[in-house]
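Let me begin by presenting the structure, written as structure tokens, before commenting on it.
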2 protein chains.
Amino acid sequence: MSQLLRVQNFTVSSDGIGAGEEQTLERPFGHVDPGGLFTWAGATASWPNRTDPGGSRGLDDYFTRDFAHNIGAEIMGRNKFGPQRGPWRDHEWRGWWGDEPPFHTPVFVMTHHERPSFTLSDTTFHFVGGDPATVLDQAREAAQGKDVRLGGGVTTIREFLDADLVDTMHVAVAPVRFGSGLRLWDSPDDLHDRFHHEAVPSPSGVTHHLFWRK
Amino acid sequence: MSQLLRVQNFTVSSDGIGAGEEQTLERPFGHVDPGGLFTWAGATASWPNRTDPGGSRGLDDYFTRDFAHNIGAEIMGRNKFGPQRGPWRDHEWRGWWGDEPPFHTPVFVMTHHERPSFTLSDTTFHFVGGDPATVLDQAREAAQGKDVRLGGGVTTIREFLDADLVDTMHVAVAPVRFGSGLRLWDSPDDLHDRFHHEAVPSPSGVTHHLFWRK
């Protein structure tokens, strides 16, 4: 298989929750505080938003620096782009990702509502309808031979898992517990029927779960 | 620090031995059988010499695919190039690495004996004298802003550690025992005075030791 669909560095709580409910413009993660989810990545030397030198170059750093490795496009759900629901009311607001989005590739935002593509720095956002297989075809073509990253959130990952389109998946489980929210799984063992699975505890407190197709 | 000197995927036995003695043209690893050292890497999907599809995409694969990531040059000891000692008797034999060496960058072979540079595929071998700091300066310039990999063997790595020039080091400890040979360390704990250290056991049976400067 030459072009993989890869989930990379997706982080959930110990109870499997990737984001809260009641997402708003001010709270992309809804009712949960996402800080505890990403502490492990923010502490690494390769974290793209790092402002001071230093940072860990241990195990967690391998994952942060692999994020963009051989990735030619990203697919994300609409909620990872913004909190709007239904038809776009305006095109002024251009997503949560600022003027320098961390993707550096074409990004395919899944939505039933049309919107023109636009470019911020070296990231171009396309808004696409259709089922996961159709969107993946578009992303693969844009990736020009490289892999495609499936960026999330939870609902989008589950949709691609249900369609059996995910080739590899890295999920970091952080040592926080949310109780309620959008749940990726009851347990990583849910995927054992279709995937090899390694669970690798990191000294930082997260456990890295690695899956690849059987 | 913009250009790191990195040891990557260097593998030793559980008793710290990277190669045997009595190196010959037929036996690059001398009296030890290197097979057991590299089983972990050969089983991964990203192993460059893989001939069949498949292979693990678990933890070990992160290390094999990081091997060339942001590397712009390699430094190696003369014994990693060939078994000759003293002045070169001829320039016909061009190293153990075949017509398609796995480096894909300039390689600086440390030797007291001059020899003209030559290119095989996209790897150019230079033969350089001088102390580790001088060789590192040459390799950094050739790397054009990227990192430099310190390729080994044991003697070369120890020389650069003694000169305090190594920034990060990944050593895989394989579940084999050699008893005698060229020894990297008595214990990874030897480096605790100068390096952070994480030991990460892999399901394959190797333990990945990660070091970065304090």
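Looking at A:Thr155, A:Thr119, just one residue is more than 28 Å from A:Ser56 (Cβ to Cβ) and within 15 Å of the chain's Cα centre (by Cα), and that residue is A:Thr155.
Residues are listed down the side, and each one gets a yes or a no for (1) farther than 27 Å from B:Arg65 by Cβ; (2) hydroxyl-bearing (Ser, Thr, Tyr):
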position: B:Thr155; (1), (2): yes, yes
position: B:Leu165; (1), (2): no, no
position: B:Gly179; (1), (2): yes, no
position: B:Trp185; (1), (2): no, no
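Here's a check for you: in the stretch A:200-210, which residue that is touching a residue at least 24 places away in the same chain (Cβ under 8 Å) and more than 8 Å from chain B (Cβ to nearest Cβ) is least open to solvent (accessible area, probe 1.4 Å)? Step by step, filter the stretch A:200-210, then rank; the result is A:Val206. Of the residues making up the stretch B:30-51, those that are within 14 Å of another protein chain (Cβ to nearest Cβ) and open to solvent by less than 30 Å² (accessible area, probe 1.4 Å) are B:Trp40, B:Thr44, B:Ala45.
For A:Trp97, indicate whether it is on the phi < 0 side of the Ramachandran plot, of a type outside the set (D, E, K, R) and in contact (Cβ under 8 Å) with a residue 24 or more places away in the chain. Yes; evaluated as a whole, the condition is true for this residue.
When the criteria are applied in full, B:Arg140 meets the requirement of being of a type outside the set (A, V, I, L, M), open to solvent by 50 Å² or more (accessible area, probe 1.4 Å) and at pLDDT 95 or above. Within the stretch B:180-194, being in a strand (DSSP E or B) and either at the interface with chain A (Cβ under 9 Å from one of its Cβ atoms) or of a type outside the set (A, V, I, L, M, F, W, C) (or both) holds for one residue alone: B:Arg183.
Set side by side, the residues B:His197, B:His113, B:His170 differ, and just one is within 14 Å of another protein chain (Cβ to nearest Cβ) and open to solvent by 40 Å² or more (accessible area, probe 1.4 Å), which is B:His197. Residues that are over 22 Å from B:Asp60 (Cα atoms) and among the acidic types (Asp, Glu) within the stretch B:158-188 comprise B:Glu159, B:Asp162, B:Asp164, B:Asp186, listed in sequence order.
Set side by side, the residues B:Glu26, B:Glu74 differ, and just one is among the acidic types (Asp, Glu), closer than 24 Å to B:Leu5 by Cβ and away from every other protein chain (no Cβ under 14 Å), which is B:Glu74. Against the list (1) more than 20 Å from B:Gly152 (Cβ to Cβ); (2) exposed (fewer than 15 other Cβ atoms within 10 Å of the Cβ); (3) in contact (Cβ under 8 Å) with a residue 12 or more places away in the chain, the condition B:Gly54 fails is (3).
Residue-by-condition table, conditions (1) within 24 Å of B:Pro28 (Cβ to Cβ); (2) among the β-branched types (Val, Ile, Thr):
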position: B:Thr124; (1), (2): yes, yes
position: B:Thr134; (1), (2): no, yes
position: B:Glu159; (1), (2): yes, no
position: B:Leu191; (1), (2): no, no
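Every listed requirement among (1) open to solvent by 50 Å² or more (accessible area, probe 1.4 Å); (2) in a helix (DSSP H, G or I) is met by B:Arg177 save one, (2). Can B:Val135 be described as of a type in the set (Val, Ile, Thr), more than 13 Å from chain A (Cβ to nearest Cβ) and part of a loop (DSSP other than H, G, I, E, B)? Spelling it out, it is not the case that B:Val135 is of a type in the set (Val, Ile, Thr), more than 13 Å from chain A (Cβ to nearest Cβ) and part of a loop (DSSP other than H, G, I, E, B).
Scanning the stretch A:57-67 for residues that are within 11 Å of chain B (Cβ to nearest Cβ) and in contact (Cβ under 8 Å) with a residue 40 or more places away in the chain yields A:Gly58, A:Leu59, A:Asp60, A:Phe63, A:Asp66.
The values are calculated or read from the model by the stated rules, or taken from the named source; none is laboratory data. What you see is a predicted model; the values in this text were computed from it and never measured. Because the Cβ atoms are built from the backbone with ideal geometry, glycine has one as well, and the counts that use them run over all protein chains shown. Note: areas computed on protein heavy atoms with side chains; ligands, DNA, RNA excluded. Shrake-Rupley method; radii C 1.70, N 1.55, O 1.52, S 1.80 Å.
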